[in-house]
Amino acid sequence: MNSAVAEQSRHHPAWGAVFSMALGVVVLIASEFMPVSLLTPIAQGLGISQGHAGQAISVSGFFAVLTSLLNTPLTGRFDRKKVLIAFTLLLTLSGLTVTFSTNGLMFMVGRALLGIAIGGFWSMSTATVMRLVPAHAVAKGLALINGGNALAATVAAPLGSFLGQYIGWRGAFFMVVPLAVIAFIWQWRSIPSLPGNGRNKAANPLRLLVRPPVALGMAGIMFLFMGQFGIFTYLRPFMETVTGANVNQLSLLLLLLGGAGLIGTWLIGTLLERRLYAYLIAIPLGMALLAALLIALGHSLLLTGVLLALWGLVATPAPVAWGLWLSRALPDDAEAGGGLMVAVIQMAITLGAGLGGLLFDAAGWWSPFAFGLALLVLSALFAGLARRSVYFAVGKSL
C-alpha cells in the first residue's frame, strides 16, 4: 500500500476541507479574470495604457508557472496545510494591493502576488484532495474543486463589468477580499495537519518527465489546453462577425457555455470512476468535432448556441479527468506532478491564445478553430499513447 492510500485509510473524509478549497478556487479564478472586463477603467484610473493594463493577465500567468515548478522543491518539507493557507493569505494581500494601488507598478505587484497564489494553490490541489478523501472519492473531490473553477470563470468577467459600473474597478476587485478572508478562516479550521515529505526524490517536477507515461500524459495535457484556448480565446470575435450576435446575445451564449460546463463538471466525477483513459481520449475528440461544426454551422445563432453548450459540457470537465489521471499515475509524487501540470497548462494557454491570434490576423476567423481542432486530435493521440505506455509498464489497462 503506497503512502497516499495508507494516509487515506487512517482518516475520515474531510469534505468540509474540500469545500473550503473550492471556495478558494472561486476567489482565485475570479481574481485572475476580473481585469478582462475592466481594462479601460483600470488604465484610466492608474494613468497607463490599456495594453499595459492588459499585462495583468500575463504577469499573473508568469508567476503562476514559476511558483508551480518551485513550490514543492522549496516548501515540500513543511506542513502542507500551512503552505496552502499561506497561498490563500497571499490571495487576500493581492486583492488589497490591487484595490489600493496608486500606479501601474503597484498594480502589477498585486497581480504577481496573485500569480504566486494561483501557481501554489493549484499545484497542491490534487495531492491535497488525495489526502483528504478516500481513493474512490478523489474524482468527486476534484470535480467539486473544478466546479468552483467553472463557476468563477463563468461569472468573473460579466460580474466585474456589472459591478464596475456602480462601485468602480477598485470596488469590484475589493469584493473578492472578504471571500478570500472567509476561505482562509475556513481552510485554517477545516483542513487537518498534512505533514510534508522532505525526502521526496521527485521534488523537482521536471524529473518526472523521464517516466514515459508521465511525459506522454503531459503532452496530451499541453495539446488539449493549447487547442482549447486557441479556439476559446476567439469565440467573441467569431460570434460577433460570423454568427452576428449582438452584445446581449453574446453574453447569453457565454453564460450558456458556462452553465453547461457546471453540469459537465458535476457529472464527470461519477463517470470517471471507470474507464478513465476512454474519457481522456473522447473529450478532446468531442471538442475537435464541435470545432469543425462551429466552422461549418457558425452562421446560425441557434446552432451556435447548441454547439457552445455542448462545448461547455465536454470541455470544462477536462481538468478533472487529467487531475484524476495525475492521482493514479503519480500517487506518491502527486504534488510535484501537480506543479508540473499547472506549468504545462499555463504555458499551453499562453501558446494557444498567442498562436491562435497570429492565425486569426493572418488567415481569418476560421484558422484558430482549425488550428485548435488539429491540436485536440493530437491530445487524444497522446492520451492513447499514455494508456499504451502504462499497459506495457504494468501489464494491465487502467
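The values are calculated or read from the model by the stated rules, or taken from the named source; none is laboratory data. Keep in mind that this is a model prediction, so the values were computed, not measured. Don't worry about glycine lacking a Cβ; one is built from the backbone with ideal geometry, like all the others, and counts go over all protein chains shown. We work out accessible area using only protein heavy atoms, side chains counted, and drop any ligands, DNA or RNA first. Shrake-Rupley method; radii C 1.70, N 1.55, O 1.52, S 1.80 Å.
Here is how the numbers come out for the structure above:
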read-out: Global form of the range 281-332, assessed from the alpha-carbon gyration tensor, a/c cut-off 1.5; value: prolate
read-out: Accessible-area composition of the chain, carbon plus sulfur, in percent [1.4 Å probe]; value: 70 percent
read-out: Binned Cα-Cα distances of the range 266-372, short to long, each 10 Å bin given as a whole percent; value: 13, 35, 35, 15, 3
read-out: Whether the range 86-233 is rounded, prolate or oblate, judged on the alpha carbon gyration tensor where a/c under 1.5 counts as rounded; value: prolate
read-out: Stokes-Einstein D (µm²/s) once Rh is taken as the Kirkwood radius of the range 91-177 over alpha-carbon pairs, at 20 °C in 1.002 mPa s; value: 146 µm²/s
read-out: Potential lengthening between Leu255 and Glu273 on full extension [0.36 nm per residue; Cα-Cα distance subtracted]; value: 3.6 nm
read-out: Length added when fully stretched, Phe100-Ala135, from 0.36 nm per residue minus Cα-Cα; value: 8.2 nm
read-out: Cβ crowding within 10 Å averaged over residues, with 258-264, 303-309, 368-374 ranked highest first; value: 368-374, 258-264, 303-309
read-out: The chain - mean residue ellipticity at 222 nm from DSSP helices (-39,500 (n - 2.57) per run, n ≥ 4, rounded to 500); value: -27500 deg cm²/dmol
read-out: At least 24 Å along the helix axis (C-alpha) and Kyte average at least -0.5, DSSP helices within the chain; value: 15-33, 50-75, 80-99, 104-132, 138-174, 212-232, 247-271, 276-297, 334-363, 366-394
read-out: Residues His12 and Ser58, FRET efficiency given R0 of 30 Å [Cβ-Cβ distance, rounded to 0.05]; value: 0.10
read-out: Inverse of mean 1/r across different Cα pairs in the chain, Kirkwood, Å; value: 21.3 Å
read-out: Relative contact order of the range 142-286, pairs being alpha-carbon contacts under 8 Å that are 6 or more residues apart, as %; value: 46 percent
read-out: Length-normalised contact order of the chain in % [C-alpha pairs under 8 Å, at least 6 apart]; value: 26 percent
read-out: Extension gain (nm, one decimal) between Arg328 and Ser193, 0.36 nm per residue minus Cα-Cα; value: 46.3 nm
read-out: Near-label residues of the range 64-82 by backbone N, under 17 Å of a point 7 Å along Cα→Cβ of Arg207; value: 69-78
read-out: The chain - accessible surface per residue (Å², probe 1.4 Å); value: 43 Å²
read-out: Quotient of Cα Rg and 2.2 N^0.38 Å for the range 95-145, N being how many residues it contains; value: 1.65
